[in-house]
1. Can you find a residue that is free of Cβ contacts under 8 Å to residues at least 24 places away in the same chain, surrounded by fewer than 24 Cβ atoms within 10 Å (Cβ to Cβ) and touching a helix residue (DSSP H, G or I) at 6+ places or on another chain (Cβ under 9 Å) anywhere in the stretch 62-75?
2. Which of the residues that make up the stretch 39-62 are of a type outside the set (Phe, Trp, Tyr), in a loop (DSSP other than H, G, I, E, B) and in contact with a Lys or Arg (Cβ under 7 Å, 6 or more places away or on another chain)?
3. Among the candidates ILE99, ILE75, single out the residue that is within 21 Å of MET120 (Cα to Cα), at pLDDT 95 or above, touching a Leu at 6+ places or on another chain (Cβ under 8 Å) and not polar (S, T, N, Q).
4. As an exercise: evaluate LYS154 against (1) within 30 Å of PHE47 (Cα to Cα); (2) of a type in the set (D, E, K, R); (3) in contact with a strand residue (DSSP E or B) (Cβ under 7 Å, 6 or more places away or on another chain) and give the number of the one condition it does not meet.
5. Look at the stretch 143-169 and say how many of its residues are surrounded by 16 or more Cβ atoms within 10 Å (Cβ to Cβ) and part of a strand (DSSP E or B).
6. Do you know which residues across the stretch 1-23 are of a type outside the set (Asp, Glu), part of a strand (DSSP E or B) and surrounded by 13 or more Cβ atoms within 10 Å (Cβ to Cβ)?
7. Condition (residue is of a type in the set (Gly, Ala, Ser) and part of a loop (DSSP other than H, G, I, E, B)) applied to the stretch 24-37: is it met by at least one residue?
Amino acid sequence: MEKLQATVVSVHVGIADAHGKEERDSIDLAFDGVVGDRHRSFTRTCFGGDKQAKGTLRRNERQWSAVSIEELAEITAAMDLSEPLSASDVGANLCLQGISELSRLPMGSLLEFPSGAVLMVSEYNPPCRDKGAQLASKYQTRSGKPLSDTHFPKAAKLTRGIVGVVEVPGPISPGDNVVVTVYRHPSWLQRSS
């Protein structure tokens, strides 16, 4: 298995009715997600465009979300923003540095932290127009051209970050080193020719 190294830049918790997430000195993970976060739960209700019909109750595979500082810089440049896009404003629980293509980590990859906490990647986190509208109302472009609700989804395609589930609870803080084990199918699962 391939191992990557990263560092936690910042951690965030989404409180009820807030559009972004608040930066914290540390976060605690429980088996059902980030303690105090509005997305903490073993289940969630599907929204339009999800895997199941809108309103379907399903397992919550989105207990946490993460972005990389490198991909945020790419999105900032693509949107021509006058100031860097923040992890808090895009709704991430974790901002990492050191993995330039974080959004491309495959399902099953593991993020291990010094506390013993372990997160497992469920999937890529696609950008949405609702978040685009929120960002368009807050950020300005360097050129002075107005932003629309479609700028973020277009700029963040394949760079929006990842979501997943908690495998092992524990605290996470800025400055923590992260060991990422990139998932690969075991050799016994490979079909022989």
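1. no
2. In the first step, residues of the stretch 39-62 are kept if they are of a type outside the set (Phe, Trp, Tyr); the result is 39-41, 43-46, 48-62.
Applying the additional criterion that residues be in a loop (DSSP other than H, G, I, E, B) yields 39-41, 46, 48-56, 60-62.
Those that are of a type outside the set (Phe, Trp, Tyr), in a loop (DSSP other than H, G, I, E, B) and in contact with a Lys or Arg (Cβ under 7 Å, 6 or more places away or on another chain): HIS39, CYS46, GLY48, GLN52, ASN60, ARG62.
3. Values: ILE75 fails: within 21 Å of MET120 (Cα to Cα).
Every option except ILE99 fails the conditions.
4. Unmet condition: (3).
5. Residues of the stretch 143-169 surrounded by 16 or more Cβ atoms within 10 Å (Cβ to Cβ): 147, 149, 151-153, 155-156, 159-166, 169.
Cutting the leftovers down to part of a strand (DSSP E or B) gives us 162-166.
Residues flagged as surrounded by 16 or more Cβ atoms within 10 Å (Cβ to Cβ) and part of a strand (DSSP E or B) within the stretch 143-169 amount to 5.
6. Kept after step one, since they are of a type outside the set (Asp, Glu), are these residues of the stretch 1-23: 1, 3-16, 18-21.
Subsequent filtering for residues that are part of a strand (DSSP E or B) retains 3-13.
Of everything in the stretch 1-23, those that are of a type outside the set (Asp, Glu), part of a strand (DSSP E or B) and surrounded by 13 or more Cβ atoms within 10 Å (Cβ to Cβ) turn out to be LEU4, ALA6, THR7, VAL8, VAL9, SER10, VAL11, HIS12, VAL13.
7. First, the residues of the stretch 24-37 that are of a type in the set (Gly, Ala, Ser): 26, 30, 33, 36.
After this cut, where a residue has to be part of a loop (DSSP other than H, G, I, E, B) as well, the list is 26, 36.
Yes, that holds for at least one residue.
Yes or no, residue by residue, for (1) part of a helix (DSSP H, G or I); (2) over 10 Å from the mean Cα position of the chain (by Cα):
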residue: ALA66; (1), (2): no, no
residue: GLU74; (1), (2): yes, yes
residue: ALA77; (1), (2): yes, yes
residue: GLU83; (1), (2): no, yes
residue: GLY91; (1), (2): no, no
residue: LEU111; (1), (2): no, yes
residue: GLU123; (1), (2): no, no
residue: GLY132; (1), (2): yes, yes
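The values are calculated or read from the model by the stated rules, or taken from the named source; none is laboratory data. As the structure is a computational prediction, the values presented were derived from the model and not from experiment. Positions of Cβ are backbone-derived with ideal geometry, glycine not excepted, and every protein chain shown enters the neighbour counts.
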